[in-house]
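See structure below.
The values are calculated or read from the model by the stated rules, or taken from the named source; none is laboratory data. Quick caveat, the model's predicted, so the values are computed rather than measured. Only protein heavy atoms, including side chains, enter the accessible area calculation; ligands, DNA and RNA are left aside. Shrake-Rupley method; radii C 1.70, N 1.55, O 1.52, S 1.80 Å.
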Amino acid sequence: MKDVSYTIFGVTCNYNEKFQFQNIKMNIIFIRNVDIASTHHVNCEIQLVKALNNLNHQAKLIGVGRKNKLKGEIILLKSPFHRRKFFIIKLSFFLLIYCTIKKIDVVIVDPQIIFSTIFLLLIKSLFNIKIILDVRSIPVEMNLPWDYRFACRIAGKYFDGASFITVGTKYYIEQLINSEFTKSILFPSAVNPLIFSPKIASNNIPVNIKEKTYEKLVVFYHGSISPNRGLNLILDSINKLKTTFPNIILLSLSNNNNYIREYCYKKNYQLGNHLLLLDIVPYEQVPFYINLADLCIIPLPRIKWWEISSPLKLMEYLSMEKPLILSDIEAHLSVVPRNSEFAVYFNPDDSEDLPKKIEKAVLNLQYLKQNAPKGRKIILEKFTWEIQAKTIESFIKSFNNH
């Protein structure tokens with residue numbers, strides 16, 4: 001058969017033409033060493049699994065947990081003594097048995113799971129199982145785990161291929177192991193535009209929350225909070241702007257709002273009337289709260305792990321047609337052009353720049369809102385889970401001896 005080349009997100013792959021038009025149903029499993037119930041970002045994998053199943057494949061996500069509310073798409077394994085090394089041992093035997101009995105075609109793992117494939121590597125050729133490394137992020141806000149480099153070297157030498165969230169992430173891993181993956185592909189974060197839609201109703205939001213945001217200028221942030229995510233820049237800006245815009249309020253949807261309270265206490269900021277701090281809500285409810293926003297902000301600083309990331313929040317805000325305030329790091333600029341008519345960029349290295357840009361955005365808010373649907377157009381063209389599922393499907397079919 002004839003070899004065919006194709007390019008997706010800058011990566012060229014070759015595959016045998018006999019797979020180009022075949023509608024092959026594949027059994028695919030994704031494995032993550034995270035507690036499915038308590039890890040918000042794992043909803044990305046859940047959405048990707050659903051998208052692959054919609055393409056007539058049989059895909060599942062394996063993770064840590066006890067109660068399984070999505071039995072058709074998720075397999076949860078208890079972690080013995082809540083220790084990673086024991087979970088890896090348990091998973092290595094589970095994969096050996098499960099993949100042979102269920103006739104799994106493709107196993108996609110993150111770097112933390114690589115060691116659990118030790119037995120699978122011994123039999124993968126016999127059962128024609130493909131093992132793919134998937135890197136969604138590099139270790140952030142922590143030192144590189146001692147075994148991370150070694151695990152990635154195993155993947156580089158013995159795995160069939162790799163997928164990466166960005167070009168920067170691919171280069172980081174390849175430099176780390178001083179080797180290039182012979183077969184790789186890129187697919188960024190994405191969003192389900194049916195869930196994250198500006199037309200979605202907000203009936204599930206408590207009445208008191210609606211009352212607190214009524215006739216307010218709502219600046220919205222959601223997700224993880226820690227010292228290296230730029231929340232201090234937002235709080236400093238709100239403190240400076242509260243006189244100019246007395247109705248401004250920061251709505252934070254997070255499981256670590258204590259950071260905000262402690263920061264304001266240390267700085268002696270009197271922002272009680274300008275903060276609405278809410279606990280994280282189920283994934284499907286997040287769009288209801290985004291709908292309350294006038295401006296959505298992502299203040300990530302200029303740190304390498306953010307520069308080469310693909311922020312999920314950015315995709316969600318774009319899909320919801322919200323005006324944006326973004327730090328001018330590569331992760332944002334690679335998705336939203338600097339001259340976009342619905343986004344305002346600021347320099348995270350200049351502590352005086354963000355309040356100026358928030359003020360600029362407020363004064364031009366109606367213009368930004370009118371152009372915000374252009375952000376959703378970007379999502380529909382490039383960043384839905386359906387698009388990413390088709391990218392993965394094409395990549396898997398590129399293995400000639402499937």
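Would you kindly give the portion of the calculated P(r) for the range 124-182 that falls above 18 Å, as a percent of all Cα pairs?
On the way: 555 of 1711 pairs.
Of the Cα pairs, 32 percent sit more than 18 Å apart.
Could you give the angle, 0 to 90 degrees to the nearest 10, between helix 167-177's Cα long axis and the longest principal axis of the Cα atoms of the chain?
For helix 167-177, the angle is close to 50 degrees.
Using only the alpha-carbon atoms, what does the range 296-359 span along each of its principal axes? Please give whole angstrom values in decreasing order.
29, 28, 17
Please work out the C-alpha center-to-center distance from the range 340-401 to the range 273-311 and express it in whole Å.
13
Jot down the per residue volume, in cubic angstrom and as a whole number, of the convex hull over the alpha-carbon atoms of the range 267-402. Kindly include the intermediate steps, with their values, before the conclusion.
Values: hull volume 21.6 nm³, N = 136.
Dividing the Cα hull volume of the range 267-402 by its residue count gives 159 Å³.
What are the residues whose amide H is under 5 Å from the amide H of Val191, where those residues sit 5 or more places off or on another chain and H is modelled from the backbone?
Distant-sequence amide H within range of Val191: Thr384, Trp385.
Kindly express, to the nearest 10 degrees and within the range 0 to 90, the angle between helix 373-382's C-alpha long axis and the longest C-alpha principal axis of the chain.
Its long axis makes an angle of about 10 degrees.
Using Stokes-Einstein with the Kirkwood hydrodynamic radius over Cα pairs, what translational diffusion coefficient do you get for the range 242-318 at 10 °C and a viscosity of 1.306 mPa s, in µm²/s rounded to a whole number?
Values: Rh = 14.4 Å.
The Stokes-Einstein estimate is 110 µm²/s.
On each of the three principal axes of the Cα atoms of the range 77-134, give max minus min coordinate, whole Å, ordered largest first.
Computed over the Cα atoms, the extents are 33, 23, 16 Å.
Tell me, what is the 1.4 Å probe accessible area of Glu393, in Å² to the nearest 10?
The accessible area of Glu393 comes to roughly 30 Å².
Mind scanning Lys157/Lys304; Lys130/Lys390; Lys78/Lys130; Lys183/Lys382; Lys266/Lys369; Lys124/Lys397 and naming the pairs with a C-alpha gap bigger than 28 Å? Mind dumping the intermediate values first?
Numbers: Lys157/Lys304 26 Å; Lys130/Lys390 17 Å; Lys78/Lys130 25 Å; Lys183/Lys382 22 Å; Lys266/Lys369 35 Å; Lys124/Lys397 17 Å.
Those over the limit are Lys266/Lys369.
Would you give the gap between the C-alpha center of the range 61-117 and the C-alpha center of the range 207-228, rounded to a whole Å?
Value for the Cα centre distance between the two parts: 37 Å.
Take every DSSP beta bridge whose two residues both sit in the chain, then give the antiparallel share in percent to the nearest 5.
Working: 6 of 51 bridges.
Of all bridge pairs located within the chain, approximately 10 percent are antiparallel.
Just to check I understand the Karplus step: with θ = phi - 60° and J = 6.51 cos²θ - 1.76 cosθ + 1.60, what whole-Hz values come out for the range 187-200, glycine and proline as x?
8, x, 4, 8, 8, 8, x, 7, 7, 9, 10, x, 8, 5
Give me the 1.4 Å probe accessible area per residue for the chain, excluding ligands and nucleic acids, in Å².
Numbers: 18790 Å² over 402 residues.
Averaged over the residues of the chain, the accessible area is 47 Å².
Determine the gain in length on full extension of the stretch Glu381-Ser197; use 0.36 nm per residue of separation and subtract their C-alpha separation, reporting nm with one decimal.
Details: separation 184, 0.36 × 184 = 66.24 nm, distance 1.50 nm.
Length difference between fully extended and current span is 64.7 nm.
Mind listing P(r) for the chain? All alpha-carbon pairs, 10 Å bins, whole percents.
Binned Cα distances yield the sequence 4, 21, 31, 24, 14, 5, 1, 0.
Ignoring ligands, DNA and RNA, what percent of the 1.4 Å accessible area of the chain is carbon and sulfur?
Values: 9700 of 18790 Å².
Here it works out to 52 percent.
Expressed as cubic angstrom per residue, what is the convex hull volume of the alpha carbon set of the range 240-284?
On the way: hull volume 3.4 nm³, N = 45.
Hull volume normalised by residue count: 75 Å³.
I'd like the accessible area for Asp160, computed on protein heavy atoms only with a 1.4 Å probe and all protein chains in place. Round to 10 Å², please.
Roll a 1.4 Å probe over it and Asp160 shows about 30 Å².
Could you tell me the relative contact order of the range 282-379? Use alpha-carbon pairs under 8 Å, at least six residues apart, and round to a whole percent. Write out the running numbers ahead of the final one.
Working: 136 pairs, mean separation 29.6, N = 98.
Relative contact order of the range 282-379: 30 percent.
Return the single residue from Gly156, Gly168, Gly272 with maximal mean-square fluctuation; model: Gaussian network over the chain, springs between Cα atoms under 10 Å.
Gly272
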